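Since the structure comes first, as structure tokens, the remarks are kept for the end.
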Amino acid sequence: MKMTTETGKVHRSGILPDKDTDLGDVALYVGKMWNAEPTLTLKFTDSAAFNATVNEFRALLDTKNGKVSERRGITLQLAAIEEEITKGVRQVKGYLTEKYDTDAAAHYNRFGMAHHKKYFRLPADQSKKRDALLVMRNAIEAEGFGDRPYGTAFWQSTLDRFDALLTEARTLDGTVSGFVAEKNKKRDAIRRTLNAIILSLKAADPDNYEGELRRWGIQRDKF
């Protein structure tokens, strides 16, 4: 566990685990021990409140992890569409070359393409790319390429799918941020209580507190 002193220096403590999952497991076991040994008391909380916080923390962690996995799936789908877009842009350049020969590049901007390094392509930024896809679709129709394999139908479908996934991704990002903020509040409360329990166990049995910490499930070799 990282700890920041008043001087701003960061130190590590080997008592509590850093990972949320490990912390949740330790806290769950400590909660059960506290229920079994109610003689340990703290002024700012009790075993019932602690166990409720632990359960809420673990539930938030599970939900957050599920949403993160869902977000990864959307990221993969967006990447697949990006590959389709790259291929489509290449084909559209071919259409323009057929029509305008060596002057084809002069028309790229009308199709949403921008110069990046050595190449013309749609913007890398996803919001700008969504706008560029609309420009591309409109230009395809205006230029008379609508019936081509990479014509109106292709670009409309690509725009619709990209827009839907991008909206879903941003919604999930906001949801995950909310879960993370709430989870972190619960985590801080759990750490505060666990540290207080550790100090209480040390004070109760200064000579054998390490054994007590192990008995309460607070031991470094488990995580």
- Query: Please state the relative contact order of the range 1-153 as a whole percent: Cα pairs under 8 Å, 6+ residues apart?
  - Reply: 11
- Excluding residue 163 itself, what net charge comes from residues whose Cβ is under 12 Å from its Cβ, given Lys and Arg +1 and Asp and Glu -1? +2
- Note on the structure: Asserting the computed 222 nm helical MRE of the chain (DSSP H runs at least 4 long, -39500 (n - 2.57) per run, divided by residue count, to nearest 500) equals -24000 deg cm²/dmol
- For the chain, whose charge dipole is built from +1 on Lys and Arg Cβ atoms and -1 on Asp and Glu Cβ atoms, the candidate among 45, 55, 138 with its Cα farthest towards the positive end is 45
- Whole-Å semi-axes of the ellipsoid equivalent to the range 110-223 (Cα gyration tensor, √5λ, descending): 61, 14, 11
- Using every pair of alpha-carbon atoms in the chain, split the distances into 10 Å bins beginning at 0 and state the percent of pairs per bin, rounded to integers. 7, 24, 18, 12, 12, 12, 10, 4, 1
- Sort 42-55, 134-147 for me by packing, meaning the mean count of neighbouring Cβ atoms within 10 Å per residue, highest on top. 134-147, 42-55
- By how many nm would the segment from residue 82 to residue 202 grow when fully extended, if each residue of separation counts as 0.36 nm and the alpha-carbon distance is taken off? 37.4 nm
- Item | Residues of the range 13-60: accessible area per residue with a 1.4 Å probe, Å² | 52
- Query: Expressed in nm to one decimal, what extension gain is obtained for the pair residue 59 and residue 185 from 0.36 nm per residue of sequence separation less their Cα-Cα distance?
  - Reply: 44.0 nm
- Quick one: which of 64/186; 128/185; 19/43 span more than 24 angstrom between C-alpha atoms? 128/185; 19/43
- Task: Express the relative contact order of the range 93-178 as a whole percentage, based on alpha carbon pairs under 8 Å and six or more residues apart in sequence.
- Result: 19
- Among 164, 23, 92 the positive-end extreme of the charge dipole of the chain (Cβ point charges): 23
- Query: Taking Rh as the Kirkwood radius, which is the inverse of the mean 1/r over Cα pairs, what is the Rg/Rh value for the range 87-156?
  - Reply: 0.94
- Query: Using a 1.4 angstrom probe with every protein chain in place, what is the largest-first accessible-area order of 82, 210?
  - Reply: 210, 82
- Message: Using a probe radius of 1.4 Å on heavy atoms only, what accessible surface per residue do you get for the range 142-216? Whole Å² is fine.
- Response: 53
- Query: In terms of Cα to Cα distance under 18 Å, which aspartates and glutamates are near enough to residue 129, apart from those fewer than 8 places away along the same chain?
  - Reply: 82, 83, 84, 160, 163, 168
- How would 113, 33 rank on accessible area, largest to smallest, probe 1.4 Å? 33, 113
- Debye, to nearest 20: dipole size of the chain, +1 on Lys, Arg Cβ, -1 on Asp, Glu Cβ: 420
- Message: If you roll a 1.4 angstrom probe over the protein chains with everything in place, what fraction of the accessible area of the range 109-223 belongs to carbon and sulfur, to the nearest %?
- Response: 51
- Note on the structure: Label model pair residue 46, residue 115: point-to-point distance (7 angstrom along the Cα→beta-carbon line) in nm is 7.4
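The values are calculated or read from the model by the stated rules, or taken from the named source; none is laboratory data. Bear in mind the structure is a predicted one, so any value in this text is a computation, not a measurement. Every residue, glycine as well, gets a Cβ built from its backbone with ideal geometry; the counts of neighbours run over all protein chains shown. Side chains are part of the model used for accessible areas, which takes the heavy atoms of the whole protein and leaves out ligands, DNA and RNA. Shrake-Rupley method; radii C 1.70, N 1.55, O 1.52, S 1.80 Å.
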